[in-house]
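The values are calculated or read from the model by the stated rules, or taken from the named source; none is laboratory data. Keep in mind the model is a prediction, meaning the values are calculated, not measured. Quick reminder, even Gly has a Cβ in these numbers, built from the backbone with ideal geometry, and neighbours come from all protein chains shown. We work out accessible area using only protein heavy atoms, side chains counted, and drop any ligands, DNA or RNA first. Shrake-Rupley method; radii C 1.70, N 1.55, O 1.52, S 1.80 Å.
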Amino acid sequence: SVNLLDRRLEESSRDQRFIDARRSDDLSYSKVSLRYIFNIKTFILHCRASHLRSLQKPILLLHGGSDRLISIGGSQTLARKIRYNTFKIYKSAWHTLFWDPETPLVLEGIGKWVAQQSKGSLTLAISV
């Protein structure tokens, strides 16, 4: 199994409150099986082989520019394969975009993107 509360957690977020809360949450997974990791890899390989260019709906891809767990190259490759995408890199954010000092910017960007996709017919108010 793969431990989710060891150094991987430390490398996923620079928000110590999140790390502490995650470690003390009895409902959080503390580890995942190798089969789980294998299934994710299989899904990723399937996505690479599928017809991503034929997607007709807009896709928002977000990546932390300082992510220590997932290479930004994979997200860039995925963005190139999806025709209708918006790819946003949050330069100093780490892996866990919703538990990062840049989270307010991430949420603001998501809100603007959703409003843009809805052609202004939707108003979002997001607070952190």
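Some notes on this structure:
- Within a Gaussian network of the chain (alpha carbon springs, distance under 10 Å), most fluctuating of Leu45, Leu61, Leu105: Leu45
- Computed extension gain for Val32 through Arg17, at 0.36 nm per residue and net of the alpha carbon distance, reaches 3.1 nm.
- One chain, two ends: Trp113 and Asp25. Fully extended at 0.36 nm per residue, the span grows by 28.5 nm beyond their Cα-Cα distance.
- Normalised by the number of residues in the chain, the average gap of Cα pairs under 8 Å and 6 or more apart makes the relative contact order 25 percent.
- When exposed loop sites are taken as chymotrypsin sites (Phe, Trp or Tyr not before Pro) in a DSSP loop with at most 12 other Cβ atoms within 10 Å, the longest stretch of the chain clear of them is 30-83.
- Average accessible surface area per residue within the chain, 1.4 Å rolling probe, Å²: 71
- Placing unit charges on the Cβ atoms only, positive for Lys and Arg and negative for Asp and Glu, gives the chain a dipole magnitude near 760 debye about its Cα centre.
- Accessible area of the chain belonging to carbon and sulfur atoms, whole % at 1.4 Å probe: 57
- Answer label, with Cα Rg over 2.2 N^0.38 Å calculated from the coordinates and candidates [x] 1.03; [y] 0.99; [z] 1.19: [z]
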